[in-house]
Amino acid sequence: MSTEQQQASPVPASIHPGTHIGLVTLRVSNLEHSRHFYEDILAFQPIEHTSAKVVLGGQDKQPLLALVELPGAAPQPRRATGLHHVAILLPTRADLGRQLLRLARVHWQHYQEDHLVSEALYISDADGNGLEMYRGLAEAGRRYAEPWEVLPAGTRIGHMHLRAADIKEAERFYHTILGFDVTCHFPGAIFLSADHYHHHIGLNTWHSLGAQPAPEHCVGLQSYAIVLPTREALQAVKERLAAHDVAFEVRGDLIQVHDPWYNQIIMKVEPFVV
């Protein structure tokens, strides 16, 4: 056996380019009220549900969001780390326009932004959980289409935007350890991605500099998934976590780990199954 064969392959510094965000689980205070908002107003389709939880998706029944009821849950403190917003990527500009019409018809408060790389609507659910609905500007379709009653096939979670307490610590965890590439620094914010996307993960300290995580009895983010395409890609992340003495739990093709502000991340090999 040659020396080269005896040497272990180096662990890639960057996360696999096929990595993307998977299922996001949110805590809500009243599941019935939340289902009305997500299903009747935003047009999510229930995929499975119990008395305390519902999993939501679009026409292709790909799990996107899970809502877990926490009766009597308190609002998330303004000065706390945790969820800033979940960003839902729609297939076309026409689909984004349909969402705007649905929100306008029920007078749901929202605002719009053109980010040059995307066009977006920002809203909050009844518990104040932040949502972004957007489409990428690479999508060229601008024709009018008929309204739909369910989110279209191809809708997916585009990115997560989190509130952090320290940007340098955020960069260390998400870039140095997990391996996402830094795409942009703003004052009090950092954006990271796989495969040169504008961002899969955003973090800011605009209202959370030096803050603590929200108490567990609050609404907000329970967990989110980072989905990798191969076991080898997951193994590379596992090795980087171990090399930096970050605690994690392994269950088959799944890793559970917490970022520095105790946001639970589920890292799993594709396909992601609820």
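The numbers here are math on the coordinates, done by the rules we state, and not lab data. Computed from a predicted model, the values in this text were never measured in an experiment. In this analysis, Cβ positions are derived from the backbone assuming ideal geometry, glycine residues included, and neighbour counts consider all displayed protein chains.
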### Query
Which FRET efficiency, nearest 0.05, do V150 and T50 yield, Cβ-Cβ r, R0 30 Å?
0.90
### Message
Between L209, L101, L254, where does the largest GNM mean-square fluctuation fall for the chain, given springs only between Cα atoms within less than 10 Å?
### Response
L101
### Task
Report, in degrees rounded to the nearest 10, the 0 to 90 angle that the Cα long axis of helix 231-243 makes with the longest principal axis of the chain.
70
### Task
Towards the positive end of the charge dipole of the chain, with charges on Cβ (+1 Lys, Arg; -1 Asp, Glu), say which of A170, L254, Y134 has the farthest Cα.
Y134
### Query
Which value, to two decimals, describes the C-alpha radius of gyration of the chain once divided by 2.2 N^0.38 Å?
1.02
### Task
Name the residue, out of D125, D60, D245, whose mean-square fluctuation peaks in a Gaussian network model built on the chain with Cα pairs under 10 Å.
D245
### Task
Treating the angle as unsigned and between 0 and 90°, give the value, to the nearest 10°, between the Cα long axis of helix 93-105 and the longest Cα principal axis of the chain.
50
### Task
State, as an integer percentage, the relative contact order of the chain based on alpha-carbon contacts under 8 Å between residues 6 or more apart.
24
### Query
In terms of Cα to Cα distance under 14 Å, which aspartates and glutamates are near enough to K268, apart from those fewer than 8 places away along the same chain?
E232, E249, D253
#### Entry: Loop-located GluC sites (Glu not before Pro) in segment 148-222, at most 12 other Cβ atoms within 10 Å (DSSP)
E149, E216
### Query
Based on the inverse mean of 1/r over its pairs of different Cα atoms, what is the Kirkwood hydrodynamic radius of segment 24-99, in Å?
13.6
### Query
Under a 5 Å amide H to amide H cut-off, with H placed in plane at 1.01 Å, what residues pair with T183 once short-range neighbours are removed?
F191, L192, S193
### Message
If you restrict to DSSP beta bridges whose two residues both lie in segment 3-269, what percentage is antiparallel, to the nearest 5?
### Response
70
### Mean separation of Cα contacts under 8 Å, 6 or more apart, over the residue count of segment 153-274: relative contact order %
24
### Message
I'd like the Karplus ³J(HN,Hα) series for segment 152-157: coefficients 6.51, -1.76, 1.60, θ = phi - 60°, whole numbers in Hz, and an x wherever there's a Gly or Pro.
### Response
x, 4, x, 5, 8, 7
### Task
Would you please give the FRET efficiency between R172 and E270, computed as 1/(1 + (r/R0)^6) with r the Cβ-Cβ distance and R0 = 30 Å, to the nearest 0.05?
0.65
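Using only alpha carbon pairs under 8 Å that are at least six residues apart, calculate the relative contact order of segment 232-274 and give it in whole percent.
Contact order relative to length: 28 percent.
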### Task
For segment 70-76, take each phi angle, set θ = phi - 60°, evaluate the Karplus expression 6.51 cos²θ - 1.76 cosθ + 1.60, and give the result in whole Hz per residue in order, putting x for glycine and proline.
10, x, x, 4, 7, x, 5
